[in-house]
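The values are calculated or read from the model by the stated rules, or taken from the named source; none is laboratory data. Just so you know, these numbers come straight off a predicted model, no measurement behind them. All Cβ positions, even for glycine, are placed from backbone atoms using ideal geometry, and neighbour counts span all protein chains on display.
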Ligand SMILES: *Cc1c(COP(=O)(O)O)cnc(C)c1O
């Protein structure tokens, strides 16, 4: 096996070594039972504890109030682009979307067939270089909900503070920044997140939904797309993703042992600062995002001369700095700094960037 690399991939992303070691230990012989962790049954004596523990640890980590339910569902984040309107809005009702880049765009496009999508604010005119100013904005009180993408994984744009939407439920796609810092969950009606950035393997989604938003699904919504059904069945309406929920639970446990989300917040601020400091003083690299809206999770940047990009990425790979190629929709370079990325990884990348600029800048 090669040395452990720093995986800067945007998702599926780096996982904590402690979790990988634990999975490896139980891979072939789960809890000494003589079967593999891959065979973990949702009716086994272990799984109800695993699910209950994963929920209570997540509740503790994010201080989720009793008014909110926690679900572990299949299918990642994308189904929720449709499930949110199907469950929270009547046909033809309005819903407001804050347009901050690629993922909020996807959510809006999917919802447009199901609800009267209104763009409450957009950063499109400034090429998505910021979260639009919402300080003097208020949603239409008739709107079913306000949707935001808390962190635009591709553009590298993150909300520094969340808008006040009054009585209109705030819905957030937190796929790429859940558990990255402290969060006031009570301000949200619904939070959804694909697991593969900050929590666990791809294919799992976490949903946190306020109780009063249940029972609003449209007639005819299929059961697997109905949040109320999933709450009634405690995430076991159909066979839950048992293995992935087990791994997510190991991650929650690990984050707790490492000091919780407040500590993650401090580390993520420190890691991203290392990279932004290099970018700020560089004439070779550029990041167009306004300082206040810069993501602590995903740091995209471009090299002044695109021909240097391949050289940059090849050199990085030789040093064990992996998966830095930007999203195919935008190109360039992107460093993702989720919880599992150690400070040393961010430092190694910052040092490499500085050296590379000295040589080729
Ligand atoms: C990755 C990502 C998604 C898509 O997640 P899937 O699990 O592929 O459905 C949606 N929103 C954001 C913000 C993401 O980062």
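Kindly provide the set of residues from the stretch 88-132 that are in a strand (DSSP E or B) and within 14 Å of the ligand (Cβ to nearest atom), ordered by number.
97, 98, 99 - these are the residues of the stretch 88-132 that are in a strand (DSSP E or B) and within 14 Å of the ligand (Cβ to nearest atom).
Could you list all residues from the stretch 170-189 that are more than 8 Å from the ligand (Cβ to nearest atom), closer than 18 Å to residue 108 by Cα and surrounded by 24 or more Cβ atoms within 10 Å (Cβ to Cβ)?
171, 172, listed by residue number.
Return the only residue of 331, 361 being at pLDDT below 95, more than 18 Å from residue 269 (Cβ to Cβ) and under 22 Å from the mean Cα position of the chain (by Cα).
Result: 331 is the single residue among 331, 361 that is at pLDDT below 95, more than 18 Å from residue 269 (Cβ to Cβ) and under 22 Å from the mean Cα position of the chain (by Cα).
Looking at (1) closer than 14 Å to residue 74 by Cβ; (2) within 15 Å of the ligand (Cβ to nearest atom); (3) buried (at least 17 other Cβ atoms within 10 Å of the Cβ), can you tell me which one residue 157 breaks?
Residue 157 satisfies every listed condition except (1).
Only one of these is touching a helix residue (DSSP H, G or I) at 6+ places or on another chain (Cβ under 7 Å) and within 16 Å of the ligand (Cβ to nearest atom): 162, 145. Name it.
162
Is at least one residue of the stretch 24-41 under 24 Å from the mean Cα position of the chain (by Cα) and part of a helix (DSSP H, G or I)?
Within the stretch 24-41, none of the residues are under 24 Å from the mean Cα position of the chain (by Cα) and part of a helix (DSSP H, G or I).
Starting from residues that are in contact with a helix residue (DSSP H, G or I) (Cβ under 7 Å, 6 or more places away or on another chain) and assigned to a helix (DSSP H, G or I), keep the ones in the stretch 312-335 and report whichever is nearest to residue 288 (Cα to Cα).
Filtering first and then ranking leaves 312.
Applying the selection to the stretch 52-68, what residues are farther than 15 Å from residue 199 by Cα and either under 17 Å from the mean Cα position of the chain (by Cα) or surrounded by 20 or more Cβ atoms within 10 Å (Cβ to Cβ) (or both)?
Scanning the stretch 52-68 gives 64, 68.
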